[in-house]
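These notes concern the structure reproduced below.
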Amino acid sequence: MQKVDEFIAMAKPLIDDDTIEEVVRVLKSGWIATGPVTREFEKKLSEYFGGRTVMCFSSATAGLHAALMAVGVGSGDEVITTPMTFAATANVIAMLGARPVFVDIDPGTINIDPSKVEVACTSKTKAIMPVHYAGLPVDMDPIFDIAARRNLRVIEDAAHATGSCYKNQKIGSFGDIQVFSFHPIKNMTSAEGGCVVLDSGAKNEQKILELQRFHGIDRSIWDRFSAKSSGFYDVVCPGFKSNMSDLQSAIGVHQLDAVDAMNERRRKLADRYRLAFADMFDHVHMQSVPDYSFVHSGHLFPLCVLDWTQRETFMEFMKNSSIGVTPYYAPVHLFTYYRRTFGYTEGDFPHAEYVGKRIVSIPLHTSLTEDAQDYVIETVRRFFYGNKNG
């Protein structure tokens, strides 16, 4: 069997020398907070997303929170989303005093099931927040139709979906509002950070986003500290400090140049996994990829271990074999806070719970070599088949 000399991480950022040199240049420039490099990053992101407005934040979580505020979500409102996501998706809803209304998933795609969304709508529903799990686009047309009929806003949690395409359109280039993550494990990174993408004509929402990312102050940091500025400012509403720094943007600018090529590498590796595990349908299931997903970013490669009682043993076996694996994700509605606060309980969303008990993400990243991937494949097969030729 193929041997490896070091631990194979589940995810790993790819940072090249040009990026390091850019960070050093910014460090030496004397301006390391939000400034010209962040503006450049936002401009390049806007071009990437077809000319739409882009605003960078310190994290995707901060972006989601600000986006909900921008569309007026507040106390007593409801926001429809999926339980199969990172806790941040639901947390930002709850932090605004709104109720996260979970809708079960399609167990094949692991994405929210659009056919179940409308029945979850009430007079209190203010927005729908679909999540493009693992980078696979949600089937958005039915969701847009529901939103249009009911006058709802759609905020896409696109944390996994930088570079993904739905029906030949890049996620972020169409729709209402999208929020992307540049966390170190994502397809492109700015060390930490994220961005909100929206139509250039949505001036009121842009203003709210701008105020929310820096204390509710009516002037940007760049304007306040420029040579011609008086330095005076006003606070027009309570706000947070969730701006992106030029140090972060210096990384992001170079990552954006390479993200499509990095995604292509991820997809090739994902195709190798799919081929290698195609005969293992009695032991594992893979995420299905519908025809409407023209491009999948390949952020994660999740496997569902069909016999859920084997999952922990499988994960331990992989880790003992120097392979990183993670159970992305546990269904949010079963966390203590959501049970206690909103009354969710086991059995509410059976498809999400079925997947949540079985799911394991295995290594998939740009730096993963084919030799290392072969070792991962051999180790997965060895767990289920032993030393047999399975």
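Observations on the model:
- Segment 361-386, subset among the β-branched types (Val, Ile, Thr) and in contact (Cβ under 8 Å) with a residue 24 or more places away in the chain, residue farthest from residue 303 (Cα to Cα): 366
- Test result for residue 100, at pLDDT 95 or above and either outside the structural domain of residue 125 (by TED's automatic domain parsing) or more than 14 Å from residue 155 (Cβ to Cβ) (or both): no
- Single residue of segment 189-217 satisfying the filter (in contact with a Gly (Cβ under 9 Å, 6 or more places away or on another chain) and among the small types (Gly, Ala, Ser)) that is farthest from residue 43 (Cα to Cα): 216
- Segment 9-39: number of residues that are out of contact with any helix residue (DSSP H, G or I) (no Cβ under 6 Å at 6 or more places or on another chain) and either without any contact (Cβ under 8 Å) to a residue 24 or more places away in the chain or not in a loop (DSSP other than H, G, I, E, B) (or both): 11
- Any hit, segment 294-304, residues being outside the structural domain of residue 39 (by TED's automatic domain parsing), at pLDDT below 95 and surrounded by fewer than 20 Cβ atoms within 10 Å (Cβ to Cβ): yes
- Where residue 237 falls short, out of the listed (1) buried (at least 19 other Cβ atoms within 10 Å of the Cβ); (2) out of contact with any Phe, Trp or Tyr (no Cβ under 7 Å at 6 or more places or on another chain); (3) over 27 Å from residue 110 (Cβ atoms): (1)
- Residue pairs meeting the criteria (Cβ under 7 Å; at least 6 apart or on separate chains; first in a loop (DSSP other than H, G, I, E, B), in segment 337-360; second among the acidic types (Asp, Glu)): 346/353; 349/104
- Enumeration of residues in segment 318-340 that are surrounded by fewer than 18 Cβ atoms within 10 Å (Cβ to Cβ) and more than 25 Å from the chain's Cα centre (by Cα): 320, 322, 340
- Residue selected from segment 168-209 under the condition of a type in the set (S, T, N, Q) and crowded, with 19+ Cβ neighbours inside 10 Å, by the criterion nearest to the chain's Cα centre (by Cα): 181
The values are calculated or read from the model by the stated rules, or taken from the named source; none is laboratory data. Please read these numbers as outputs of a predicted model, since none were measured by experiment. Here Cβ is always computed from backbone atoms with ideal geometry, including for glycine, and neighbour counts include all displayed protein chains.
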